[in-house]
1. Name the residue that is nearest to I42 (Cα to Cα), counting only residues in region 78-114 that are β-branched (V, I, T) and in contact with an Asp or Glu (Cβ under 8 Å, 6 or more places away or on another chain).
2. If you scan region 32-44, which residues turn out to be at pLDDT below 90 and not aliphatic (A, V, I, L, M)?
3. What is the one condition in (1) surrounded by 10 or more Cβ atoms within 10 Å (Cβ to Cβ); (2) part of a loop (DSSP other than H, G, I, E, B) that I84 does not satisfy?
4. Restricting to region 51-97, name every residue that is at pLDDT 90 or above and acidic (D, E).
5. Of the numbered conditions (1) in contact with a strand residue (DSSP E or B) (Cβ under 6 Å, 6 or more places away or on another chain); (2) of a type in the set (G, A, S); (3) free of Cβ contacts under 8 Å to residues at least 24 places away in the same chain, S43 fails exactly one; give the number of that condition.
6. Quick one: count up the residues across region 54-68 that are surrounded by 10 or more Cβ atoms within 10 Å (Cβ to Cβ) and either polar (S, T, N, Q) or touching a strand residue (DSSP E or B) at 6+ places or on another chain (Cβ under 8 Å) (or both).
7. Could you check how many residues of region 95-110 are charged (D, E, K, R) and under 12 Å from the mean Cα position of the chain (by Cα)?
Amino acid sequence: MSDKDDIETVSFKEFEDQDNSQSIESNEEVNLDVILDVPVVISMEIGRTQISIRNLLQLNQGSVVELERFVGEGLDVLVNGMLIAHGEVVVINDKFGIRLTDVISPSERVKRLA
């Protein structure tokens, strides 16, 4: 008897049934308390550009890198690399901040994953 004969065949239907039985009922309340203290990285992106390694190596103090974003365009707000909002720069007590001008809906964020 080979190892192949020992492998049990499982249909996709069995996985679907298992997933459905483990899904949360629509009337149950989801408890988010378990994830509220999980740290995430939030970053603001002014813009991007592509340059050659040759030009990258020529950068020095005072060099200007032109970005693909236009003046007045909102900044991107990213959480763990995923776009969640757009905003504008503000100054609060000598520190930079961002005022959110447009928040991406959860359904739109899910669509962008695909």
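1. Among residues in region 78-114 that are β-branched (V, I, T) and in contact with an Asp or Glu (Cβ under 8 Å, 6 or more places away or on another chain), the one nearest to I42 (Cα to Cα) is I98.
2. Across region 32-44, the qualifying residue is only D33.
3. (2)
4. E66, E68, D76, E88, D94
5. S43 satisfies every listed condition except (3).
6. So the answer is 2.
7. Summing the residues that are charged (D, E, K, R) and under 12 Å from the mean Cα position of the chain (by Cα) in region 95-110 gives 2.
The values are calculated or read from the model by the stated rules, or taken from the named source; none is laboratory data. What you see is a predicted model, and the numbers here were worked out from it, not measured in a lab. We place every Cβ from the backbone using ideal geometry, glycine too, and count neighbours over all the protein chains shown.
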